[in-house]
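Written out below as structure tokens is the structure these notes cover.
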Amino acid sequence: MHRRRVFVPLALLAVGLVACKKKAPEVEPIPQPSPAPSPAPAPAPAPTAPTGESAAEVTRMMMAELGNVIHFEYDKSDIRSDDQMILNRKADILRANPAVRVRISGHADERGSDEYNQVLGQRRANAAKTYLVGRGIDAGRIDVISYGEERPVDRSSTEAAWALNRRDEFEVTAGGNALVRPR
């Protein structure tokens with residue numbers, strides 16, 4: 001029994017010590033500063049004119065491109081594949097300069113009646129307009145007119161002269177005073 005008297009108090013003492021033992025405080029980690037946010041990428045710089053090229057020079061070059069003439073096959077009003085690049089460039093310039101308006105004049109060579117050539121010139125001007133509208137240019141910015149055979153470039157009666165006279169000419173009628181390059 002003596003053992004029991006010693007054992008019981010010792011057991012109670014051990015249980016009491018364990019129960020009263022103070023837990024070590026939990027150490028909270030020291031907050032670390034969050035990494036600085038990545039800076040937003042800088043916007044791409046606006047296209048600039050090559051060194052020495054003034055706004056007036058850019059306008060002059062864009063006007064020249066808008067004025068490029070396209071040509072047609074005899075008795076046709078279809079846009080030739082080699083002229084599609086010219087019209088695509090015109091469309092690019094017109095999209096970059098929404099205030100610009102143009103007039104397309106259709107022309108024919110001297111062969112055929114005056115009435116037929118007038119209609120043919122109109123079909124040619126409308127073909128170019130339709131092409132530009134198909135490239136996203138508002139139809140309201142494009143006027144068309146036909147001069148038929150009335151305004152030849154070359155008055156000779158040769159195949160070379162007739163080829164030059166079968167054409168559409170483009171004239172800027174508004175908004176051409178400060179043009180910018182297409183992006």
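Rounded to whole numbers, the Karplus 3J(HN,Hα) couplings from phi for the range 146-160 are 10, 10, x, 9, 5, 10, x, 7, 10, 7, 5, 9, 10, 4, 5 Hz, using 6.51 cos²θ - 1.76 cosθ + 1.60 with θ = phi - 60°, and x at Gly and Pro. As a calculated quantity, the FRET efficiency between ARG183 and MET63 at R0 = 25 Å, using C-beta atoms, amounts to about 0.85. For the range 55-174, the fraction of alpha-carbon pairs lying more than 18 Å apart is 48 percent, rounded to a whole number. From most to least packed by mean Cβ count within 10 Å, the peptides 107-118, 79-90 give 107-118, 79-90. Sorted ascending by nearby beta carbons within 10 Å, beginning with the fewest, PHE72, PHE170 become PHE170, PHE72. Computed from phi, the 3J(HN,Hα) profile of the range 133-143 under the Karplus parametrisation 6.51, -1.76, 1.60 (θ = phi - 60°) reads 4, x, 9, x, 8, 4, 4, x, 8, 10, 9 Hz, with x in place of Gly and Pro.
Once backbone amide H atoms are built at 1.01 Å from N, ASP143 has VAL102, ARG103, ILE104 as its partners under 5 Å, excluding neighbours fewer than 5 places away on the same chain. Couplings 3J(HN,Hα) of the range 116-130, computed from phi: 4, 5, 5, 5, 4, x, 5, 4, 5, 5, 5, 5, 5, 4, 4 Hz, in residue order, whole Hz [Karplus 6.51 cos²θ - 1.76 cosθ + 1.60, θ = phi - 60°; x for Gly and Pro].
Quick note: the coordinates plus some simple rules give every number you see, no bench work behind them. What you are looking at is a predicted structure, and each value in this text was computed from that prediction instead of being measured. Glycine gets a Cβ as well: all are built from the backbone with ideal geometry, and neighbour counts include every protein chain shown.
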